[in-house]
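Notes to accompany the following structure.
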Amino acid sequence: MTKEELKEYIEVKREIEIIGEKIEFLESKKTSIKSQIITDMPRGEAEQDRLGQLLIQIEELIDLYNEKQDKLLKQQLKIEKCIDKLDSSLERNIMRYVYFEGMRFEEVSCIIHYSYRTVRRIHKRAIENLGIK
């Protein structure tokens, strides 16, 4: 685990949310297209083919987004497991605030009621305990 991977956590979390929203949108789009296909109104074959192709493309996009989401979730899990290796709950909390919530050391020190310098020192010790350079 590297410090860059830890810093990447927030963006990974954000990307997972964005992909989830895209999948939701595509699923709703797919449903609306299917309702157009199912109606009893006469349609030409060209339009049926176009709608069918559209459904296929949406399915491919959904599959692609699901693969990306799986990859990102594995990366997120790897980071979570790394933080969980720390023995001290204080170290784990500081690491989560800094890397998972994107807080600055000043903000963390206000939340946990330790001085800025102490938070920095505990953070440094946590990084060393994880073997991160």
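The values are calculated or read from the model by the stated rules, or taken from the named source; none is laboratory data. Keep in mind that what you see is a predicted model, and the values were worked out from it rather than measured. As a convention, Cβ positions derive from the backbone with ideal geometry for all residues, glycine included, and neighbour counts pool all protein chains shown.
One line per residue, one yes/no per condition, for (1) loosely packed, with under 13 Cβ neighbours inside 10 Å; (2) at pLDDT 85 or above:
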residue	(1), (2)
T31	yes, no
D40	yes, no
L61	no, yes
Y65	no, yes
Q69	no, yes
L77	yes, yes
E80	yes, yes
I83	no, yes
Y97	no, yes
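Just give me the residues in the stretch 97-133 being touching a Leu at 6+ places or on another chain (Cβ under 9 Å), among the hydroxyl-bearing types (S, T, Y) and part of a helix (DSSP H, G or I), in sequence order.
Listed by number, the list holds a single entry, Y99.
Scanning for something touching a Phe, Trp or Tyr at 6+ places or on another chain (Cβ under 7 Å), in a helix (DSSP H, G or I) and within 16 Å of L6 (Cα to Cα), does the stretch 57-75 turn up at least one residue? I'd like the intermediate steps shown before the answer.
As a first pass, look at the stretch 57-75 and keep what is touching a Phe, Trp or Tyr at 6+ places or on another chain (Cβ under 7 Å): none.
Looking through the stretch 57-75, none of the residues is touching a Phe, Trp or Tyr at 6+ places or on another chain (Cβ under 7 Å), in a helix (DSSP H, G or I) and within 16 Å of L6 (Cα to Cα).
Could you list, in sequence order, all residues of the stretch 85-95 that are exposed (fewer than 15 other Cβ atoms within 10 Å of the Cβ) and either of a type in the set (V, I, T) or assigned to a helix (DSSP H, G or I) (or both)? Show your work before the answer.
Narrowing the stretch 85-95 to residues exposed (fewer than 15 other Cβ atoms within 10 Å of the Cβ): 85, 87-89.
Matches in the stretch 85-95: S89 only.
Looking at L73, L54, can you tell me which residue is touching a helix residue (DSSP H, G or I) at 6+ places or on another chain (Cβ under 7 Å) and surrounded by 15 or more Cβ atoms within 10 Å (Cβ to Cβ)?
Values: L73 fails: surrounded by 15 or more Cβ atoms within 10 Å (Cβ to Cβ).
Just a single option satisfies the conditions, and that option is L54.
Return the residues of the stretch 99-127 that are without any contact (Cβ under 8 Å) to a residue 40 or more places away in the chain and among the β-branched types (V, I, T); say none if nothing qualifies.
V108, I111, I112, T118, V119, I122
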